[in-house]
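Q: Structure incoming, see below.
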Amino acid sequence: MSSAVINNPLLRSKTGIWLKKNLFSSWLNTFITLVSIYFIWQVGSFFLSWAIFDADFLVNFRGEVILDRTYCSKNIEPGLHGACWAIIDARFYQFMYGFYPAEEVWRVNLTFLLLPLALIGIFFDKLPYRKFFIYFTFIFPFIAYYLLYGGPTLSQVGTNKWGGLLVTLFLGVTGIGLAFPLSILLALGRRSQMPIISSMCVIFIEFIRGVPLITLLFTANVMLPLFLPDGISPDNLLRALVAVTLFQSAYMAEAIRGGLQAIPRGQVEAARSMGLTYWQSTRKIILPQALRISIPPIVNTSIGLFKDTSLVLIIGLFDLLGIGRAALADMSWIKLYYEVYVFVSLVFFIFCFAMSRYSLYLEKKLKTDNSQ
Amino acid sequence: MSEIVISLEKVNKWYDDFHVLKDIDLSVVKGQKIVICGPSGSGKSTMIRCINRLEAHQEGKIVVHNTELTNDLKNIDIIRKNVGMVFQQFNLFPHLSVLDNISLAPIWVKKMPKKDAEEVAMSYLEKVKIPEQAQKFPGQLSGGQQQRVAIARSLAMNPDIMLFDEPTSALDPEMIKEVLDVMVQLAEEGMTMLVVTHEMGFAKTVADQMIFMDEGRIVEQAIPDDFFNNPKSDRTKLFLSQILNH
């Protein structure tokens, strides 16, 4: 090796060593690295200039406020300009709230604000005053129902007016929240010694897992009213919620069953030999251990469900994606596909990425907990 | 005349086709210490696991404290409260501290107030000589310490019968003594004990009765003196010569 290389401070630094070892260790590696850099640069720079540097936000290149698609720079000088984000701004209200009445929208905002407070107690077990956060978690659904739907002193807002992120979060969070206890019962039932209970759980889980969510949504939409007494016709959102909850509970049950199977038999035997009942040993011994193990797969299926909620647009509900497609149908903003889809993807990505990070954090935490 | 606390009559058990227990007859008097030995697969663990119904027998009768073990869950619960069990693999609850491991059953089964249950737990931790480990988690203790916690955990329910299923088989040799010492102390206090073990030194000091099992049968039952010095069956002689001369 020549002295110039040895004395080069970059090559002796930690980054330098890492680069050499991982990216430039042989001619082939160097070649692949360079091709990759070129490729990333091409795609990245194209996307960035489209999305940011050459894009219109609220005004076009002439400085006019964008009122409809004809003001977009790319429609004035085709081929020279990037995205026209004004459509997102024009439709932002709908993306967030759907057709929720503007004078009542503070109720949705308040619910959005309270949601993190309701979740934080579940997510972080070392939180100070965690007990109170958990209490809040349990009363939050009632507060949210009262705020969003209305009741005494608040005017009623039918779910047919809900839409956008509100519907996506409502289905995602409520679906996951309701499916969780249901899935624990299903997982326990599937492992039950009692043949009727266990076969019922197996049939339920296998049936739901064997059917696409779209089919379930259609089924719930068409068939749910048939099972209910005459005159009671649950609204569309509720029907979708039932389908989403059942779907999620089957998948989560399998994740939890995996955790249950990982608990050695001796744990139950020890608990039972001391006189603890089935429910006591399940609650105090088995579930705390099994759920810890199943957290990553539970989060995994939850991310899946959160994205799958966009399928409700086929039964006429306007979730985030549904609102996006409605915006595209608007004559004054027609043909701005990319902007809408990129925005919708970004919103989904933010939520799913947060869930995924949280899952990683938990996995790391579990590893350190177990090595005690 | 001493009171019979456990009696097994013509007990048979099968795992599918495999006949694990064959016509087991046994009666245990209050305060008696019985050591059970035999080759692996001889049914000795299965037998003591039947006594608190961790395994169900298919034929015969098992009576503990005048309560017969049947499918009746209430009877099973009554018996389990009075019969403690210590396992080969300790089976401590890894997500609970040592103190919580021990106070769990008193709190949930005996409905004891938490504070009282923790006092009871501490007193038994002192008895097994590791009160300083109360706040640790099972994973932070040595095998011998874990098994002593497991013994304390069983004792905290204040049972009058203790079952030990190979309590030292999973331990490193240097830790066996600390566990056996606790068991000897327990025996001296008059606890009724059924111990499955190959620790013949322990058996000689503690046992009132020795039982040798092979292929699901009780082959020989005798007082330790006769059992070690004058075994009747050839199978017992062979077994003893193998385990005493290694």
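The values are calculated or read from the model by the stated rules, or taken from the named source; none is laboratory data. As the structure is a computational prediction, the values presented were derived from the model and not from experiment. Positions of Cβ are generated from backbone atoms using ideal geometry, with glycine treated the same way; all protein chains shown enter the neighbour counts.
Q: Got a number for residues in segment B:204-239 being under 28 Å from B:Tyr15 (Cβ atoms) and not β-branched (Val, Ile, Thr)? Outline the logic, then answer.
A: Pass one, segment B:204-239, residues under 28 Å from B:Tyr15 (Cβ atoms): B:209-221, B:233-236, B:238-239.
Filter again for not β-branched (Val, Ile, Thr), leaving B:209-210, B:212-217, B:220-221, B:233-235, B:238-239.
Summing the residues that are under 28 Å from B:Tyr15 (Cβ atoms) and not β-branched (Val, Ile, Thr) in segment B:204-239 gives 15.
Q: Then there is this: Hey, could you check segment B:94-121 for residues that are within 15 Å of A:Ala271 (Cβ to Cβ) and surrounded by 23 or more Cβ atoms within 10 Å (Cβ to Cβ) and say which is nearest to the other protein chains (Cβ to nearest Cβ)?
A: B:Ala105
Q: Could you go through segment A:87-97 and let me know if any residue there is outside the structural domain of A:Ile323 (by TED's automatic domain parsing) and outside any helix (DSSP H, G or I).
A: Yes, some residue in segment A:87-97 is outside the structural domain of A:Ile323 (by TED's automatic domain parsing) and outside any helix (DSSP H, G or I).
Q: Would you say A:Phe170 is assigned by TED's automatic domain parsing to the domain that holds A:Thr282, under 30 Å from A:Gln156 (Cβ atoms) and surrounded by 15 or more Cβ atoms within 10 Å (Cβ to Cβ)?
A: Yes: the conditions hold for A:Phe170.
Q: While we're on this one: With segment B:149-238 as the region, which strands (runs of 3 or more DSSP E) entirely inside it contain at least 1 residues that are of a type outside the set (A, V, I, L, M, F, W, C) and under 21 Å from B:Ile4 (Cβ atoms)?
A: Output list reads B:192-196, B:209-214, B:217-222.
Q: Go through A:Thr137, A:Thr215, A:Thr219 for me and flag whichever is farther than 21 Å from A:Asn300 by Cα, touching a Gly at 6+ places or on another chain (Cβ under 6 Å), assigned to a helix (DSSP H, G or I) and of a type in the set (Ser, Thr, Tyr).
A: Every option except A:Thr137 fails the conditions.
Q: Mind checking whether some residue in segment A:273-290 is closer than 17 Å to A:Leu366 by Cβ, in a helix (DSSP H, G or I) and at the interface with chain B (Cβ under 7 Å from one of its Cβ atoms)?
A: Looking through segment A:273-290, at least one residue is closer than 17 Å to A:Leu366 by Cβ, in a helix (DSSP H, G or I) and at the interface with chain B (Cβ under 7 Å from one of its Cβ atoms).
Q: Given A:Ile350, A:Ile334, A:Ile285, A:Ile303, which one is among the aliphatic types (A, V, I, L, M) and under 30 Å from B:Leu69 (Cα atoms)?
A: A:Ile285
Q: Exactly one of (1) in a helix (DSSP H, G or I); (2) modelled with pLDDT of 90 or more; (3) more than 14 Å from chain B (Cβ to nearest Cβ) is unmet by A:Pro296. Its number?
A: That leaves (2) as the condition not met.
Q: So, B:Met193, is that one within 22 Å of B:Lys127 (Cα to Cα) and buried (at least 18 other Cβ atoms within 10 Å of the Cβ) or not? Talk me through it step by step, then tell me what you get.
A: Values: within 22 Å of B:Lys127 (Cα to Cα): yes; buried (at least 18 other Cβ atoms within 10 Å of the Cβ): yes.
It is true that B:Met193 is within 22 Å of B:Lys127 (Cα to Cα) and buried (at least 18 other Cβ atoms within 10 Å of the Cβ).
Q: Restrict the check to segment B:2-15 and report whether at least one residue is closer than 19 Å to B:Leu69 by Cβ, among the polar types (S, T, N, Q) and in a strand (DSSP E or B).
A: Looking for residues that are closer than 19 Å to B:Leu69 by Cβ, among the polar types (S, T, N, Q) and in a strand (DSSP E or B), one finds at least one in segment B:2-15, hence yes.
Q: Taking segment B:211-246, which residues are within 18 Å of B:Val20 (Cα to Cα), touching a residue at least 24 places away in the same chain (Cβ under 8 Å) and out of contact with any His (no Cβ under 7 Å at 6 or more places or on another chain)?
A: Passing the criteria: B:Ile211, B:Phe212, B:Met213, B:Asp214, B:Glu215, B:Arg217, B:Ile218, B:Val219.
Q: Then there's this: For segment B:126-148, which residues satisfy the criterion of being assigned to a loop (DSSP other than H, G, I, E, B) and of a type outside the set (Phe, Trp, Tyr)?
A: Answer for segment B:126-148, where residues must be assigned to a loop (DSSP other than H, G, I, E, B) and of a type outside the set (Phe, Trp, Tyr): B:Val128, B:Lys129, B:Ile130, B:Ala134, B:Gln135, B:Lys136, B:Leu141, B:Ser142.
Q: From the residues in segment B:202-246 that are out of contact with any Ser or Thr (no Cβ under 8 Å at 6 or more places or on another chain) and among the small types (Gly, Ala, Ser), which one is nearest to B:Ser40 (Cα to Cα)?
A: Per the stated criteria, the residue is B:Ser241.
Q: Right, here's the next one. Consider A:Glu269 carefully, then state whether it is in a helix (DSSP H, G or I), within 14 Å of another protein chain (Cβ to nearest Cβ) and acidic (Asp, Glu).
A: yes
Q: Residues in segment A:331-355 that are exposed (fewer than 15 other Cβ atoms within 10 Å of the Cβ) and either touching a residue at least 40 places away in the same chain (Cβ under 8 Å) or under 24 Å from A:Leu238 (Cβ atoms) (or both): how many?
A: Residues in segment A:331-355 being exposed (fewer than 15 other Cβ atoms within 10 Å of the Cβ) and either touching a residue at least 40 places away in the same chain (Cβ under 8 Å) or under 24 Å from A:Leu238 (Cβ atoms) (or both): 4 in total.
Q: Of everything in segment B:49-76, what is touching a strand residue (DSSP E or B) at 6+ places or on another chain (Cβ under 6 Å), surrounded by fewer than 22 Cβ atoms within 10 Å (Cβ to Cβ) and either within 12 Å of chain A (Cβ to nearest Cβ) or of a type in the set (S, T, N, Q) (or both)? Give them in sequence order.
A: B:Gln58, B:Asn75, listed by residue number.
Q: Follow-up. Scan segment B:33-40 and tell me whether some residue there is charged (D, E, K, R), within 30 Å of B:Ser241 (Cα to Cα) and within 11 Å of chain A (Cβ to nearest Cβ).
A: no
Q: Quick one: count up the residues across segment B:77-92 that are at the interface with another protein chain (Cβ under 8 Å from one of its Cβ atoms) and surrounded by fewer than 22 Cβ atoms within 10 Å (Cβ to Cβ).
A: Residues flagged as at the interface with another protein chain (Cβ under 8 Å from one of its Cβ atoms) and surrounded by fewer than 22 Cβ atoms within 10 Å (Cβ to Cβ) within segment B:77-92 amount to 3.
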